[in-house]
1. Based on the alpha carbon coordinates of segment 237-281, what radius of gyration and maximum Cα-Cα distance (Dmax) apply, in Å?
2. Pull up all non-local amide H partners of Thr63: gap of 5 or more, or a different chain, and H-to-H distance under 5 Å with H placed in the peptide plane.
3. Take each of the peptides 174-181, 80-87, average the number of other beta-carbon atoms within 10 Å over its residues, and list them starting from the highest.
4. If we count every other residue with Cβ under 14 angstrom of Val226's Cβ, Lys/Arg +1 and Asp/Glu -1, where does the sum land?
5. Using a Förster radius of 30 Å, what is the FRET efficiency between Ala276 and Thr73 based on their Cβ-Cβ separation? Nearest 0.05, please.
6. Could you tally the net charge around Pro30, taking each other residue with its Cβ under 9 Å from the Cβ of Pro30, Lys/Arg +1 and Asp/Glu -1?
7. Quick one: how many lysine pairs does the chain have with C-alpha atoms less than 22 Å apart and a gap of 8 or more or different chains? Give me the count, please.
8. Based on the Cβ-Cβ distance from Ile64 to Thr183, what FRET efficiency comes out when R0 is 35 Å, to the nearest 0.05?
Amino acid sequence: MTALVLDGKALAAKLRAEIARQAGALPFTPGLAVVLVGDNPASAVYVRNKERAALGSGIAARTIRFPADTPETRLLAEIAALNADPAIDGILVQMPLPAQIRAMAVIAAIDPEKDVDGFHPLNVGRLALGLAGLVPCTPRAVMRLLDHAGVPLRGARAAVLGRSHIVGRPMAMLLTAADATVTLLHSRSRDLAAECQRAEIVIAATGRAEMVRGAWISPGAVVIDVGINRLGDGRLVGDVAYAECVGHAGAITPVPGGVGPMTIACLLENTLIAAAKLRGR
Ligand code: GUN
């Protein structure tokens with residue numbers, strides 16, 4: 001069996017075109033502020049991609065760059081200014097932050113209605129309770145890919161690998177809300193292979209290059225790879241050993257060109273949702 005390859009790049013292009021159409025119909029231009037502290041090269045690439053995608057979808061993107069030694073108080077002052085700025089509908093602070101800055105203090109300072117990452121405790125609580133709010137972009141991207149591929153979720157056994165606040169935990173909540181039976185696996189879990197073999201849907205978000213092996217995937221399972229890892233030889237790979245898994249899976253996302261482009265499209269969608277609510281339409 002060879003898996004259906006889920007083309008996140010093509011689906012993201014369609015979603016971005018739809019966002020551009022909706023943004024163009026508004027009597028104002030939605031504004032997204034992206035804050036980058038320091039010079040982490042991966043973060044710099046992500047931020048540039050977000051900025052470019054926003055501009056191409058009729059969203060005004062403003063990237064604010066700070067040096068790596070910026071004090072937390074300076075960053076909090078910037079967040080306060082963005083919270084008060086009527087031209088800004090979405091605020092994203094790129095993670096990770098330098099050690100002298102407490103990420104949670106910064107996240108908690110963002111106006112929850114402008115929190116397009118969905119990381120603020122209020123939005124995390126809303127998601128846990130099934131209330132309307134801003135939902136983290138990567139898990140939403142995965143849900144959209146599953147929906148587009150027509151993967152049935154009700155009663156399905158889903159294994160989520162990784163319990164990060166950005167991906168694994170909100171992913172487990174979204175799949176649970178969609179009536180899947182979710183197993184949340186992490187670095188202290190026993191028998192990862194056996195847990196994955198039981199799953200009809202495997203979502204890998206561990207940050208460990210090619211950790212999910214072909215033998216972990218039951219025939220026909222849907223494999224979603226959230227990872228982006230740069231190997232020593234320069235190759236970009238996911239958290240899934242793609243060449244091994246593609247022969248077992250029913251459907252699989254590639255890296256690059258799978259979840260990544262959809263995550264950015266979902267960020268733009270969150271910005272549009274925030275703008276519509278903030279500006280009362
Ligand atoms: N770093 C890695 N993923 C993300 C994300 O989704 N949002 C932010 N702000 N930083 C990240």
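1. Rg then Dmax for segment 237-281, in Å: 16.4, 50.
2. Those qualifying (amide H under 5 Å, at least 5 residues apart or on another chain) are Val34.
3. Numbers: 174-181: 18.0, 80-87: 13.4.
Packing order, densest peptide first, comes out as 174-181, 80-87.
4. Numbers: positive: Arg140, Arg144, Arg163, Arg169, Arg208; negative: Glu210, Asp225, Asp239.
With Lys, Arg at +1 and Asp, Glu at -1, the neighbours total +2.
5. 0.40
6. Working: positive: Arg279; negative: Asp89.
Residues close to Pro30 contribute a combined charge of 0.
7. Lysine pairs meeting the criterion: 5.
8. Details: r = 40 Å, r/R0 = 1.13.
Given R0 = 35 Å and the Cβ-Cβ separation, E is 0.30.
No lab work stands behind these numbers, since they all come straight from the coordinates. Since this is a predicted model, take the numbers as computed values, not measurements. Note that each Cβ is placed from the backbone with ideal geometry, even for glycine, and that neighbours are counted across all protein chains shown.
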